[in-house]
Amino acid sequence: MNKNVFYRKIPKVDILLEEERIRQLICRYSKETVMESIRKETDRLRAFIGKCEDEKEIEAAIGGLTDAIGQTVEEMHTPNMRPVINGTGTILHTNLGRAPISPEHMKRIAEVACGYSNLEYNLEAGRRGERYSHFEELLCKLTGAEAAMAVNNNASSVMLILSSLAKGGEVVVSRGELVEIGGKFRIPDVMEQSGATLVEVGTTNKTHYDDYKNAITEETKALLKVHTSNYRIVGFTESVEIDELIGLAGEHELPIIEDLGSGVLIDLAKYGLTHEPMVQESIAKGADVVCFSGDKLLGGPQAGIIIGKKKYIDKMKKNQLTRALRIDKFTATALELVLQEYLSEEKAVKNIPVLRMITEPKEEMEKKAKNLVRMLRRTGFAARFQVMPCESQIGGGSLPLERIPSYAAAISPEEMSVPELEEKMRHLPVPIIPRTANDTILLDVRTIDSRQFKVIADQFRSM
Ligand SMILES: *Cc1c(COP(=O)(O)O)cnc(C)c1O
């Protein structure tokens, strides 16, 4: 086969640029990306002609050049980061963006972020203000703390607290609390980065008051408690609570720091879950500095919230590291909005998506699952659809043993395998991430907003 005949059939760039479809692409996107795509696609076509031995296939590839260029340009201009539907039933899914923000809050965030705002401007005084001012009072009111601030995430909180209060000194922490949180965040490593030396006391399962007492030296700068939110040692265990450490800390004038991980402001036991230590309780017990995540059980934006005694928080606000870890206007706005919801527990549970998903009764889930199944059956997709009981989990390293009774739409495909369907679902325009169990695909409705049901059904129809 004489390949030169085909190479010569590839349209030249100036010819391509005159095609209507290409002209439209330039108008809609940019000349630069269209040119780049033309180069990329003609190179690809040349390579294809080089190795293909089927004339028909080569002709088809040449005929499809414009389409291929269009597709490449469109891909370049389509954001890769996109919404997905979470059918896994894991509420704080670390890989799927952790806590969803409420659409009402997002509207307000957009209003603030699209223009100028009083982020660091005191409107009363007409001069420079503080970015924490928008939510500091609220945090103090809700938690009983004297002062508050926020940084980028809770790992930053730990780093900033230790760097401000214990740099160059020692920090005493129980061996049973030296946790690794997902993504290789290890408390001991963060401590080292902050310039504080870790002094481990006790054993994995037991730490006593005397262990802390005997570890205190001239170099000790703080006592650290870490809430091991992502695992539980059960059985023969003992740990020392903050209220038991107060006397000891006071005697040596050492701050007690507590990293709570998930920040819970309401009593989850009221909703049938295990009681998770509340932020208010830590402050009431006498912790001097407490930190927690903004986007775990609190249900807000990614942030690390630090509260406690004013003299310590002031030190952190002055630390140069704060500048590197500071939150932006999106976070500041979102934090104030989510914290305001907590002024009424009833409102918080209704308006904060994470809390709503955690507390919705299973009867509600059954109704939701029935609806989804009904809609899926009408799509004509070749599968058996059923309502099936299942269990949701909290995720995000919070309450690891907790299982919340829920319901799912169970899908058993008839013309493809479960892995095949799972892959297809991942490649939909709005990807659907399911849970797979015993050769069925489960869509746990607890983590799916009913408003997404139509999108799910339409996409199943399109498959
Ligand atoms: C999750 C967690 C962190 C880290 O919080 P991020 O907001 O993910 O940075 C730190 N400490 C504890 C105990 C945690 O559970």
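The values are calculated or read from the model by the stated rules, or taken from the named source; none is laboratory data. Every value quoted in this text rests on a predicted model; they were computed, and no experiment measured them. Positions of Cβ are backbone-derived with ideal geometry, glycine not excepted, and every protein chain shown enters the neighbour counts. Protein only, heavy atoms only, side chains kept; ligands, DNA and RNA dropped before computing areas. Shrake-Rupley method; radii C 1.70, N 1.55, O 1.52, S 1.80 Å.
Filter the range 49-97 down to the residues that are over 30 Å from Thr447 (Cα atoms) and basic (Lys, Arg), then identify the one that is nearest to the chain's Cα centre (by Cα).
The selected residue is Lys51.
Would you mind finding the one in Leu65, Leu138, Leu45, Leu96 that is within 30 Å of Asp458 (Cα to Cα), of a type outside the set (D, E, K, R) and surrounded by 16 or more Cβ atoms within 10 Å (Cβ to Cβ)?
Step by step, each of Leu65, Leu138, Leu45, Leu96 is checked, and only Leu96 is within 30 Å of Asp458 (Cα to Cα), of a type outside the set (D, E, K, R) and surrounded by 16 or more Cβ atoms within 10 Å (Cβ to Cβ).
Quick one: is Thr237 more than 16 Å from the ligand (Cβ to nearest atom), at pLDDT 90 or above and open to solvent by 10 Å² or more (accessible area, probe 1.4 Å)?
no
Restricting the first residue to the range 296-310 and requiring it to be assigned to a helix (DSSP H, G or I), which pairs with a second residue that is open to solvent by less than 10 Å² (accessible area, probe 1.4 Å) and at pLDDT 95 or above meet a Cβ separation below 7 Å and a spacing of at least six or different chains?
Within 7 Å, the pairs are Lys310/Ala147.
Go through the range 268-301 residue by residue and tally those that are in contact with a strand residue (DSSP E or B) (Cβ under 8 Å, 6 or more places away or on another chain) and within 16 Å of the ligand (Cβ to nearest atom).
Looking only at that region, the number is 16.
So that you can scan it fast, the table gives a plain yes or no per residue for (1) open to solvent by 30 Å² or more (accessible area, probe 1.4 Å); (2) within 26 Å of Ala334 (Cα to Cα):
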site: Gly247; (1), (2): yes, no
site: Glu251; (1), (2): yes, no
site: Pro255; (1), (2): no, no
site: Ser282; (1), (2): no, yes
site: Val289; (1), (2): no, yes
site: Met316; (1), (2): no, yes
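For the range 316-332, what are the residues that are within 14 Å of Met159 (Cβ to Cβ) and assigned to a helix (DSSP H, G or I)?
Matches in the range 316-332: Met316, Gln320, Leu321, Thr322, Arg323, Ala324, Leu325.
What pairs come up if the first residue lies in the range 146-157 and is farther than 24 Å from Gly286 by Cβ, the second is basic (Lys, Arg) and more than 7 Å from the ligand (Cβ to nearest atom), and their beta carbons are under 8 Å apart, counting only those six or more places apart or on different chains?
Correct list of pairs: Asn152/Arg326.
Under 6 Å between Cβ atoms, at least 6 apart or on separate chains: pull out the pairs that start in the range 214-227 with a residue that is closer than 14 Å to Val240 by Cα and end on any residue that is within 16 Å of the ligand (Cβ to nearest atom) and assigned to a strand (DSSP E or B).
Taking only residues 6 or more apart or on different chains, the pairs are Leu223/Ile256; Leu224/Val171; Leu224/Val173; Leu224/Ile257; Lys225/Glu258; Val226/Asp259; His227/Leu260; His227/Gly261.
Pull up the range 141-172, narrow it to residues that are within 16 Å of the ligand (Cβ to nearest atom) and open to solvent by 40 Å² or more (accessible area, probe 1.4 Å), then point me to the one that is farthest from Met191 (Cα to Cα).
Asn152
Do any strands (runs of 3 or more DSSP E) lying entirely in the range 85-196 carry at least 3 residues that are farther than 26 Å from Glu219 by Cβ, and which ones are they?
90-92, 147-151
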